[in-house]
Amino acid sequence: MSRVPYYTKFWLKYLTKTFDDQIPDEKYFELHKSEIDYYCKIDQPVSLEKGIKVRDINLLKNSGYTYDLYNILYPFREELSFKFIPGDVTTVPEYPAFVKSRPIDGKNENSVLLPLDSQRHFRFVNDRIRYADKLDGVVWRGAAYQEHRQRFLESCSGLSFINAGNTAVQKNGNVPFTKPKMSINEQLKYKFVLSLEGNDVATNLKWIMSSNSVCMMPRPKYETWYKEGTLLPNYHYIEIRDDFSDIEDVFARYVNDKPACKKIINNAQDFVSNYFSSRNMLNIARSVTLKYSKIVK
């Protein structure tokens, strides 16, 4: 039996008004306080010049974001005034606002994270291929519109152990380093899967870390509900330099170190397991909203 698409279930709930009003109690709030404070770092009262209400959310626009936002904020629909910035947010807003992503470094208190566009970003896999049975190589597929992705393709084009390709589409058809797309299952045949940030975070990071392959990437600059800023290099993933100049040496070091790679895979899978429960994510997101509602007026 096929699963009912998430957005179909959302509209069934919306049309029949069956969203629940559950807000976690104080005991739950205290139990998850460190997570809540990480997502919402504001600790002093703030006044908004203008805010919107839940009824102002346009469910026909930016649907991947607004569906999640409406579901999270539903218990606060009568009183809450808030700011919301959809899309790939790479700067910190002037006033506290709900966002999907924010810069990791610097003062980012006004960027209040919620699990938005979750159907795209929180994808996990059930990898049936053992690490030992995978190919000794690094794989990456993605649209290289950004300069740092193009730089990766240029710097690694002559390395035989890397299977990398640009899947971007351009009107003139002139796409450098183009290769056909690869499914997730095809990429999981490799021991190492590269994760490269795009406009903000890397969409493939979650499914890589849930697999039996090792994630390889530069240290992230942006974070989402996944708390990319808490990931530890060479513990949750293998770190490479921003200019990719050390990727050959790093690969040579780890490809023959199976115990180290297995430890990284286990650590990554432990980290990912915190995000398997959609109910738990919703409860924490509503606790974040509760904190926001008490501080931001």
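Here are the numbers for this structure:
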item: Sole exception among (1) touching a strand residue (DSSP E or B) at 6+ places or on another chain (Cβ under 9 Å); (2) crowded, with 20+ Cβ neighbours inside 10 Å for residue 254, by number; result: (2)
item: Residues of segment 128-151 satisfying the condition of being touching a strand residue (DSSP E or B) at 6+ places or on another chain (Cβ under 8 Å), modelled with pLDDT of 95 or more and either among the aromatic types (Phe, Trp, Tyr) or in a loop (DSSP other than H, G, I, E, B) (or both); result: 131, 134, 140
item: Matching residues in segment 161-202 - criterion: being out of contact with any Cys (no Cβ under 7 Å at 6 or more places or on another chain), buried (at least 17 other Cβ atoms within 10 Å of the Cβ) and under 27 Å from residue 86 (Cα atoms); result: 166, 194, 196, 197, 198, 200, 201, 202
item: Qualifying positions in segment 44-64 - over 25 Å from the mean Cα position of the chain (by Cα) and part of a loop (DSSP other than H, G, I, E, B); result: 44, 45, 47, 48, 49, 50, 51, 53
item: Where a residue in segment 12-41 is in a helix (DSSP H, G or I) and its partner, wherever it lies, is of a type in the set (D, E, K, R), with Cβ under 6 Å and at least six apart; result: 36/291
item: Matching residues in segment 73-121 - criterion: being part of a loop (DSSP other than H, G, I, E, B), within 30 Å of residue 184 (Cβ to Cβ), out of contact with any helix residue (DSSP H, G or I) (no Cβ under 6 Å at 6 or more places or on another chain) and of a type in the set (A, V, I, L, M, F, W, C); result: 85, 89
item: Yes/no for residue 253 being without any contact (Cβ under 8 Å) to a residue 24 or more places away in the chain and farther than 22 Å from residue 88 by Cα; result: yes
item: Failed condition for residue 125, given (1) among the aliphatic types (A, V, I, L, M); (2) touching a strand residue (DSSP E or B) at 6+ places or on another chain (Cβ under 9 Å); (3) closer than 30 Å to residue 285 by Cβ; result: (2)
item: Test: residue in segment 281-292 that is in the same structural domain as residue 195 (by TED's automatic domain parsing), touching a residue at least 40 places away in the same chain (Cβ under 8 Å) and either in contact with a helix residue (DSSP H, G or I) (Cβ under 7 Å, 6 or more places away or on another chain) or surrounded by fewer than 12 Cβ atoms within 10 Å (Cβ to Cβ) (or both); result: no
item: Segment 164-191, residues that are within 18 Å of residue 252 (Cα to Cα) and in contact with a Phe, Trp or Tyr (Cβ under 7 Å, 6 or more places away or on another chain); result: 164, 191
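The values are calculated or read from the model by the stated rules, or taken from the named source; none is laboratory data. Note that the structure is a prediction, hence the values are computed from the model and not measured. So basically every Cβ, Gly included, is an ideal-geometry build from the backbone, and we count neighbours across all protein chains shown.
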